[in-house]
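J.: Quick one: the structure is below, and I'll ask about it shortly.
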């Protein structure tokens, strides 16, 4: 990682990346004295060469100690320029170069906050103002060293994007399917535990299944082969038992009676309405099954994706599978992207909200500013490592002894496991259980 200290002879070169047009400027020293006024260039090769001529002139004049170039990694529009700049100035980016060129990425949120500070919280946004905000962030040492994903890293990013897209779609469809199931088969899927907590004075319902209804073979058989409930009402228990045996291979008299009681006690919609709802439900469930198959294929791909990759060292930790290792690296990206494990924890949104004023300091709930899928990945890493590593199991037990619930204790383990995963990934070292403690 390149380090720098602002001097009077430091030049800051901010780039404001757009789709078709980029902006460039140059400022000197802590006072950000303008050297190059905001300049608008096209995002093609002609514009790139124009920017390089400005940078080359600043590097070759012999008047400055260092040049710090930075921009936001904006969507996908920065990628071609970042790669071209990275390769064009590979010699100047070395620490032995005189003057060195330091290339940084800046978080758009940090730039936005700096822009707001420049105008006392008022909303002012133009391209020249953005350049000033980027320069101020560079002066303060914000951002991280620019990096380019390798072909191998890009495979993980694309795998992770595909998995997240399918996972979000399945979650959305799950909510819709459960709503449709409640509308067509009232009482077939009920959270009995929650019902008992909220209504202890009432007899709890007896649903067809107790949990994860869309993953249960009994519900799947209904949604695939008999989504309309009225024929099931006509069938006697023997008929329901025969239906289940034909489609899932097994069914006892108790299960058949349960299904019969559910459909007999339900207030069903009229047959013509039920037929319309059933057709829509059956089509959506077919899409749900297709999403599940595609997710299973992506999970199986990790068995060939992880070996030989930077994520392989994570699988040396007991409890971390190829699948979890792939998810972790897909979210983290470049192994050297984060200098500290706490940055990854905050990136996932597990950092607590802190409020300080005078003699008072309050630490609230987690910020949840990161991606939910990454928080789920870290939670699963904590859960599985606690089941496979005695040291982590002891940590979890101690956390529960301090009054934490099962989720809080698991997150306590996940925090420690994340520190180990970051160290292994950053330094490409295998897990050493003797160093725990």
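J.: Pairs, please: C-beta under 7 Å, at least 6 apart or cross-chain, first residue over 16 Å from residue 108 (Cβ atoms) and in region 119-130, second surrounded by 12 or more Cβ atoms within 10 Å (Cβ to Cβ)?
T.: Filtered contacts from region 119-130: 128/38.
J.: Do we find that residue 235 is surrounded by 12 or more Cβ atoms within 10 Å (Cβ to Cβ), closer than 24 Å to residue 275 by Cβ and within 38 Å of the chain's Cα centre (by Cα) in this structure?
T.: Working: surrounded by 12 or more Cβ atoms within 10 Å (Cβ to Cβ): yes; closer than 24 Å to residue 275 by Cβ: yes; within 38 Å of the chain's Cα centre (by Cα): no.
When the stated conditions are applied, residue 235 does not pass them.
J.: Would you say residue 136 is loosely packed, with under 14 Cβ neighbours inside 10 Å, assigned to a helix (DSSP H, G or I) and touching a residue at least 12 places away in the same chain (Cβ under 8 Å)?
T.: Working: loosely packed, with under 14 Cβ neighbours inside 10 Å: no; assigned to a helix (DSSP H, G or I): yes; touching a residue at least 12 places away in the same chain (Cβ under 8 Å): yes.
Judged against the criteria, residue 136 is not a match.
J.: Residue 261: assigned to a helix (DSSP H, G or I), modelled with pLDDT under 95, out of contact with any helix residue (DSSP H, G or I) (no Cβ under 7 Å at 6 or more places or on another chain) and surrounded by fewer than 17 Cβ atoms within 10 Å (Cβ to Cβ), yes or no? Quick ask: steps written out before the conclusion?
T.: Numbers: assigned to a helix (DSSP H, G or I): yes; modelled with pLDDT under 95: yes; out of contact with any helix residue (DSSP H, G or I) (no Cβ under 7 Å at 6 or more places or on another chain): yes; surrounded by fewer than 17 Cβ atoms within 10 Å (Cβ to Cβ): yes.
It is true that residue 261 is assigned to a helix (DSSP H, G or I), modelled with pLDDT under 95, out of contact with any helix residue (DSSP H, G or I) (no Cβ under 7 Å at 6 or more places or on another chain) and surrounded by fewer than 17 Cβ atoms within 10 Å (Cβ to Cβ).
Residue by residue, here is whether (1) touching a residue at least 60 places away in the same chain (Cβ under 8 Å); (2) within 24 Å of residue 261 (Cα to Cα); (3) part of a helix (DSSP H, G or I) holds:
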{"position": "152", "(1), (2), (3)": "yes, no, yes"}
{"position": "159", "(1), (2), (3)": "yes, no, yes"}
{"position": "165", "(1), (2), (3)": "no, no, yes"}
{"position": "170", "(1), (2), (3)": "yes, no, yes"}
{"position": "174", "(1), (2), (3)": "yes, no, yes"}
{"position": "193", "(1), (2), (3)": "no, yes, yes"}
{"position": "196", "(1), (2), (3)": "no, yes, yes"}
{"position": "211", "(1), (2), (3)": "no, yes, no"}
{"position": "231", "(1), (2), (3)": "no, yes, yes"}
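J.: Return the pair list, or none, for Cβ contacts closer than 8 Å from residues in region 306-326 that are without any contact (Cβ under 8 Å) to a residue 12 or more places away in the chain to residues that are buried (at least 21 other Cβ atoms within 10 Å of the Cβ) and not in a helix (DSSP H, G or I), at least 6 apart or on different chains.
T.: If the second residue must be buried (at least 21 other Cβ atoms within 10 Å of the Cβ) and not in a helix (DSSP H, G or I), the pairs left are 315/306.
J.: Of everything in region 1-17 that's within 34 Å of the chain's Cα centre (by Cα) and buried (at least 17 other Cβ atoms within 10 Å of the Cβ), which residue is nearest to residue 141 (Cα to Cα)?
T.: Going through the qualifying residues, I end up with 12.
J.: Related question: Please specify each residue of region 33-66 satisfying the condition of being under 23 Å from residue 114 (Cα atoms), surrounded by fewer than 18 Cβ atoms within 10 Å (Cβ to Cβ) and touching a residue at least 40 places away in the same chain (Cβ under 8 Å).
T.: 40
J.: What is the residue count in region 398-434 for residues that are assigned to a helix (DSSP H, G or I) and under 21 Å from residue 334 (Cβ atoms)? Let's see the steps before the verdict.
T.: Quick first cut of region 398-434, residues assigned to a helix (DSSP H, G or I) only: 398-401, 406-427, 433-434.
From the residues that got through so far, the ones that are under 21 Å from residue 334 (Cβ atoms) too are 417-427.
The qualifying residues number 11.
J.: Regarding residue 238, is this residue part of a helix (DSSP H, G or I), in the same structural domain as residue 178 (by TED's automatic domain parsing) and farther than 23 Å from residue 175 by Cβ?
T.: Details: part of a helix (DSSP H, G or I): yes; in the same structural domain as residue 178 (by TED's automatic domain parsing): yes; farther than 23 Å from residue 175 by Cβ: yes.
Yes.
J.: Given the conditions (1) more than 16 Å from residue 181 (Cβ to Cβ); (2) over 41 Å from the mean Cα position of the chain (by Cα), and given that residue 250 satisfies all but one, which numbered condition is not satisfied?
T.: Here residue 250 meets the rest and fails (2).
J.: Every residue in region 178-208 that is in contact with a helix residue (DSSP H, G or I) (Cβ under 6 Å, 6 or more places away or on another chain) and more than 20 Å from residue 279 (Cα to Cα), please.
T.: 204, 208
J.: Taking the conditions exactly as written (more than 24 Å from the chain's Cα centre (by Cα), in a loop (DSSP other than H, G, I, E, B) and modelled with pLDDT of 85 or more), does residue 437 satisfy them or not? I'd like the intermediate steps shown before the answer.
T.: Values: more than 24 Å from the chain's Cα centre (by Cα): yes; in a loop (DSSP other than H, G, I, E, B): yes; modelled with pLDDT of 85 or more: no.
So residue 437 does not fit the description; no.
The values are calculated or read from the model by the stated rules, or taken from the named source; none is laboratory data. In this text, all values refer to a predicted model and were calculated from it rather than measured experimentally. All Cβ positions, glycine included, derive from the backbone under ideal geometry; neighbour counts span all protein chains shown.
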